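Okay, so here's the structure we're looking at.
The values are calculated or read from the model by the stated rules, or taken from the named source; none is laboratory data. Since the model is a prediction, treat every value here as computed from it, not as a measurement. Glycine gets a Cβ as well: all are built from the backbone with ideal geometry, and neighbour counts include every protein chain shown. Calculation scope for accessible area: heavy atoms of the full protein, side chains included, ligands and nucleic acids excluded. Shrake-Rupley method; radii C 1.70, N 1.55, O 1.52, S 1.80 Å.
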Amino acid sequence: MAMEMRLPSARKPLSESLGRDSKKHLVVPGDTITTDTGFMRGHGTYMGEEKLIASVAGSVERVNKLICVKALKTRYNGEVGDIVVGRITEVQQKRWKVETNSRLDSVLLLSSMNLPGGELRRRSAEDELAMRGFLQEGDLISAEVQAVFSDGAVSLHTRSLKYGKLGQGVLVQVSPSLVKRQKTHFHDLPCGASVILGNNGFIWIYPTPEHKDEDVGGFTANLEPVSLADREVISRLRNCVVLLVTQRMMLYDTSILYCYEASLPHQIKDILKPEVMEEIVLETRRRLLEQEG
């Protein structure tokens, strides 16, 4: 059996010019953010002795007079309109329970989804009996947040053909704070694979389908064998996402694509080696800074 042995080596400090373009104001619980009483208290803060104090570890964000602390590692807090990837955990009466990396299980109502074939009609008792045929425990789905309840639980809907059951692919779980909010979270990358960047930190990587107009309501998962070339692309993208998360870099289509292109000279299994990781990250950061100008 082949064995690889690695000896410790001194790590080179990252170039300051390739670091983050702006120094973030990082705080830990108990740190004083400001003593100015003119600011409003936001999430992750509390008032004590006429000072605004952080209650979580993270970066300080200011919007006009509102100050909040965005936690570096946290559970998903749902917002209406978010795109999420989740796993069905339970089939209940007229609803499914979905694990979405939040504090409470999310809910997908039978009335909040398209029927097979895109039919528009009232849900009948027959539909309720056939629920497990639509989605069952363990199935992965993509959905949109429809409402957020007072206790923080999330209600989902899949009323568009782009949402529904997910087929062949790889799921990567990251911190929700590392997924950049964008206008669209469904990306077809030029390398031959597609990515769903869930706002809840669940990232789905799958081969780009050849025919997108053959959807029948989001219930048919394509289970045909995936070619070796597609599997290699998906594996490389998966390692690139893990690499970016390790380096605490934001995840969006451009950063993933630049990281993928920077990793091409290396074998897939070598991407997560420390010295290779450092080389790829430096190249990715340099290209992102060039793009931002």
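Tell me, what is the FRET efficiency for L66 and L26 to the nearest 0.05, using R0 = 25 angstrom and their Cβ-Cβ distance as r?
The calculated FRET efficiency here is 0.85.
Assuming a ≥ b ≥ c are the square roots of the Cα gyration tensor eigenvalues, decide whether the chain counts as rounded (a/c under 1.5), prolate (otherwise, with a/b larger than b/c) or oblate. All intermediate terms of the calculation are to be shown ahead of the outcome.
Details: a/c = 2.26, a/b = 1.17, b/c = 1.93.
It is oblate, given that a/c is not under 1.5 and a/b is not larger than b/c.
So what is the relative contact order of the range 148-267, in percent, for Cα pairs below 8 Å that sit 6 or more residues apart?
Working: 147 pairs, mean separation 32.7, N = 120.
Reported as a whole number, the value is 27 percent.
What spacing in nm lies between the two simple spin-label points modelled at R132 and T254, each 7 Å away from Cα in the Cβ direction?
Distance between label points: 4.9 nm.
Given 0.36 nm per residue, what is the gain on full extension from E232 to Q247 after removing their alpha carbon distance, in nm?
Numbers: separation 15, 0.36 × 15 = 5.40 nm, distance 2.27 nm.
Full extension of this stretch gives 3.1 nm more.
Suppose R0 equals 45 Å. What FRET efficiency, 1/(1 + (r/R0)^6) with r the Cβ-Cβ distance, do T37 and D105 give to the nearest 0.05? Before the final figure, lay out the partial values.
Details: r = 40 Å, r/R0 = 0.89.
About 0.65, to the nearest 0.05.
Would you please give the residues with an amide H less than 5 Å from that of D31, counting only those at least 5 places away or on a separate chain, with H modeled from the backbone geometry?
Those qualifying (amide H under 5 Å, at least 5 residues apart or on another chain) are A54.
Relative contact order for the chain: what is it in percent, counting Cα pairs under 8 Å that are at least 6 residues apart? Each step should come with its number before you reach the end.
On the way: 537 pairs, mean separation 40.8, N = 293.
The value is 14 percent.
Quick check: at a probe of 1.4 Å, how many percent of the accessible area of the chain sits on carbon and sulfur atoms?
Details: 8710 of 16980 Å².
Whole-percent figure for carbon plus sulfur exposure: 51.
Could you give the size of the charge dipole of the chain about its Cα centre, using +1 on the Cβ of each K and R and -1 on the Cβ of each D and E, expressed in debye and rounded to the nearest 20? Could you put the intermediate results ahead of the total?
On the way: 38 positive and 38 negative charges, 143 e Å.
Computed charge dipole of the chain: roughly 680 debye.
If you stretched the chain out fully between R6 and L289, how much longer would it get, using 0.36 nm times the residue separation minus the C-alpha to C-alpha distance? Intermediate values should be presented prior to the final figure.
Details: separation 283, 0.36 × 283 = 101.88 nm, distance 3.26 nm.
Value of the extension gain: 98.6 nm.
Which of the cysteines in the chain are isolated, no other cysteine C-beta under 4.7 Å?
C68, C191
How much of D270 can a 1.4 Å solvent probe reach, expressed as accessible area in Å² and rounded to 10?
Solvent-accessible area, nearest 10 Å²: 30 Å².
Using 0.36 nm per residue of separation minus the Cα-Cα distance, give me the extension gain between K51 and K73 in nm, one decimal.
Numbers: separation 22, 0.36 × 22 = 7.92 nm, distance 2.45 nm.
Net length gain for the segment: 5.5 nm.
Considering the dipole of the range 24-151 built from charges on the beta carbon (Lys and Arg +1, Asp and Glu -1) around the Cα centre, which of Q146, L72, Q92 is farthest to its positive end?
Final value for the positive-end residue is L72.
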